[in-house]
Every structure is written in C-alpha cells, then in structure tokens.
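Beneath this line is the structure, given in structure tokens, with notes to follow.
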Amino acid sequence: MRKWISFPHREGTISRQAHADLPAEGIYEREVGRSGFFGPATHLHHKHPPTGWSAWEGPLQPRAFDLNELPKETAAPWSAPLVLHNSQCQLRIWTCSQAMTQLFRNGDGDDLLFIHAGSGELFCDYGHLSYRDGDYILIPRSTSWRIEPADTTTMLLIEASNGAYQLPDKGLVGPHAIFDEAMLDVPAIDDAFKAQQTEDEWQVVIKRLSALSTVTYPFNPLDAIGWHGNIAVARINWRDIRPLMSHRYHLPPSAHSTFVADGFVVCTFVPRPIESDPGALKVPFYHNNDDYDEVIFYHAGDFFSRDNIKPGMLTFHPAGFTHGPHPKAFAKAMTEPKKFTDEVAVMIDTRSALEQGPGLPAVEWTGYVDSWKPKT
C-alpha cells in the first residue's frame, strides 16, 4: 500500500480557493498537479505569467500542427498517416472518399473513430450504423468493419494499443451525468446490413503487432443474423454530451473525460456557458500536468484560449513545462469575458511520452512556441 504525501501548507500571499479570487490584480495562478488532475496539487501565485518566456531552446516545447495540410487520403485506415504514438496509444488522421473494398480488423487494440467531417454508413460484425460529423465510434478489438462514405469523410483514429476503452467513473454526480449510457447507439441487423450479405469474395485485412495479414473468404463475412451481449460497436455524438459546469469554478479537463483506456484518457470539450462569478477564472488555468502529455484536436468553433488555431489543427504539449492560455486570450477574459464558448475539441492525455509520426514536422507551425512571448 502507498499514498501521496499530504501537507496542505499555506505560505505567503495566496487565495484559499483554487482558480478563483486571486489575491491581487495582476497576479497569476499556476497549478502543479500529479496524476492528470486526479492527484495532489499545489497552487503558486506569481507576479508574471508563467508562460511569459522570452526564448526557448531544445526539443521539449509546445507544438502545433495543421493536419489539414497532411496528406491523409488513403484507401484504407491501416495506411493513414501516423500522427503521434507510444506503446499504449496510436493517433492517426484519415480521409476516405470511396467505399472501402476490404474489411479491416485491428488485433492490436480497440479503435475510437472521431468523425471530423463527412457522413456515411459503417458495416461491421454487429450490423449497420450511420455516422455523421461529431460522432465517436468505438470499435472493439478484432471487430471487422468497413465504411461507405456518403461524402468525403475525415476522422481521427485513436487506437488503445493492447488495451480497451471504458467509461470514466462519474463519482458523486452519478452514472447518468455527462451522457446517459442509454444515449449510446449500436449497429442494427437491418435491411441495409442484410442487403450486403452477398456470396462475393471478400478480404479481411488484420493488423497484429503492426503487421498486416489478409484473409480471403468466398462470401461476405459480415453475415450475422443477430447478436446479444455486452461487446459491440457503439456510437455517441458530441452533441449528446452534457458537460459538467460550475458558474463559480473553472473545472479541470478531467471533468470532461469521455473515454478511459490503459495509459490515457479521451476528453471532449463542448459548448457551455463560461463561469459568471466575478472572482472565477474564465479561461484554462496555467498548469504543470507533469505526469501526462496533452494533445488537443480542434474540431469546430472559436477556440477561446488560443490564437491562430482553426478546425483540423492539433496542439501537443509534452509533460515538463507550464502551459496555459495565450496572453491575448487571458487579458480579454479578464476585461471582456465571453458568456459562452462554442468550441468543440478532442483532448487525449497520455501517461507515457508520445513520439511524432514521420510526416508531422512538415505541417508544424513553428511559431507556436513564440506565441506566448510578451508583445513588445
């Protein structure tokens, strides 16, 4: 058995409540936290913005990538460009404009598809499911599937390598908060599914240990006539998520957890009212999340804590330094606070360090690290 050291000491000039009622005008709060906002934390109060650096050297730095510029249209998901990865998570971006001609089965882990753009039909072992922009589609390990896009579809593929996705423990707010499990849709054995059960030859491409094998059938193996149980493809749209909110306190990203896997968590930021209490912070607080790498994929809306970020971009903040809102966003939140945020973004926090895929440097916005510098 073990436990964190606990000594809630107070030293110097402080605010007694985190993220609210800072001790004086012009003072900046910084949270030093462990275990991805779930562990112990200390809040320091500074005279200068913790991100007010004037120069930065070395490989560790905040990075931003425009995935819109990354060549990502391929015939199949297994050839989609690798964006970031570690031993527990692989992140890819894929654009598909034509119906898949082979089935895909991932033997390395569960897949989570986030539909950034497009709509269409998904066929899998469990039946038929329509999809649209903003959908999460959870595909259990070793499920055979394919899509038929109605229009060009771009999706984020998040693999839980050698692991599985589960829902977060919602604790005191109960199992129906954020979204009720009754909101999860599953595939149907409907007419569209039965119509594709032909005797034509089909191939299933299986990924295992990142190597591909192809199995040929003299019929379409998506030929189920029914199923029952607790394992299936499932769908939830960000529009079905009802975020936890407090008008007096800026909640940490962990409050927006949507899926949990071994070694990482997937969170969803959706439109919500901004804190209205005069003393509450109205933008994300400066913080050191020193146990996790943080990734945000921007899907839609106005990203109120970032300048020069547009849909289809991705930011990457490795563990080890302080990050937080851009100076312009922070200043505006203090003087002209918005009443509502319309941003939609997917956040992936990983316990192990992430590495960049081979094509990522070509689409990096190299000026991102300098965007926190004080304007002169």
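The values are calculated or read from the model by the stated rules, or taken from the named source; none is laboratory data. Quantities reported herein were computed from a predicted structural model and do not represent experimental measurements. Glycine also receives a Cβ, built like all others from the backbone with ideal geometry; neighbour counts cover every protein chain displayed. Keep in mind that these areas ignore ligands, DNA and RNA; they rest on the heavy atoms of the full protein, side chains included. Shrake-Rupley method; radii C 1.70, N 1.55, O 1.52, S 1.80 Å.
Here are the numbers for the structure shown:
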| read-out | value |
| --- | --- |
| Tabulated pairs, segment 56-82, first open to solvent by less than 10 Å² (accessible area, probe 1.4 Å), second of a type in the set (Lys, Arg), C-beta under 8 angstrom, 6+ apart or interchain | PRO77/ARG92; ALA80/LYS72; ALA80/ARG92 |
| So ILE14, is it among the β-branched types (Val, Ile, Thr) and part of a loop (DSSP other than H, G, I, E, B) | yes |
| Residue within segment 208-222 that is among the aliphatic types (A, V, I, L, M), open to solvent by 70 Å² or more (accessible area, probe 1.4 Å) and on the phi > 0 side of the Ramachandran plot present | yes |
| Segment 75-93, residues that are in a loop (DSSP other than H, G, I, E, B), over 24 Å from TYR292 (Cβ atoms) and at pLDDT 95 or above | ALA80 |
| Pick from segment 265-307, criterion of a type in the set (S, T, N, Q) and assigned to a strand (DSSP E or B), ranking: farthest from LYS47 (Cα to Cα) | THR268 |
| Among the candidates ALA76, ALA55, ALA64, residue that is of a type in the set (A, V, I, L, M) and under 30 Å from GLU25 (Cα atoms) | ALA55 |
| Complete set of residues in segment 18-48 that are of a type in the set (Phe, Trp, Tyr) and either surrounded by 14 or more Cβ atoms within 10 Å (Cβ to Cβ) or without any contact (Cβ under 8 Å) to a residue 24 or more places away in the chain (or both) | TYR28, PHE37 |
| Number of the exception - LYS339 against (1) basic (Lys, Arg); (2) under 22 Å from the mean Cα position of the chain (by Cα); (3) open to solvent by 30 Å² or more (accessible area, probe 1.4 Å) | (2) |
| Criterion (within 24 Å of MET155 (Cβ to Cβ), in contact with an Asp or Glu (Cβ under 6 Å, 6 or more places away or on another chain) and not basic (Lys, Arg)) met by exactly one of MET313, MET347 | MET313 |
| Residue satisfying condition, being aliphatic (A, V, I, L, M) and at pLDDT 95 or above, within set LEU172, LEU157 | LEU157 |
| Cβ-Cβ under 8 Å pairs, at least 6 apart or on other chains, segment 98-111 side within 15 Å of VAL205 (Cα to Cα) and part of a strand (DSSP E or B), far side open to solvent by less than 10 Å² (accessible area, probe 1.4 Å) and among the aromatic types (Phe, Trp, Tyr) | LEU103/TRP145; PHE104/TRP145; ARG105/TRP145 |
| Selected residue (only one of ALA345, ALA280, ALA362, ALA353 is at pLDDT 95 or above and open to solvent by less than 10 Å² (accessible area, probe 1.4 Å)) | ALA345 |
| Those residues of segment 78-107 which are charged (D, E, K, R) and over 20 Å from the mean Cα position of the chain (by Cα), in sequence order | ARG105 |
| Complete set of residues in segment 204-231 that are assigned to a loop (DSSP other than H, G, I, E, B), in contact (Cβ under 8 Å) with a residue 40 or more places away in the chain and among the β-branched types (Val, Ile, Thr) | ILE231 |
| The listed residue being under 23 Å from HIS228 (Cβ atoms) and free of Cβ contacts under 8 Å to residues at least 40 places away in the same chain, out of ASP191, ASP185, ASP169 | ASP191 |
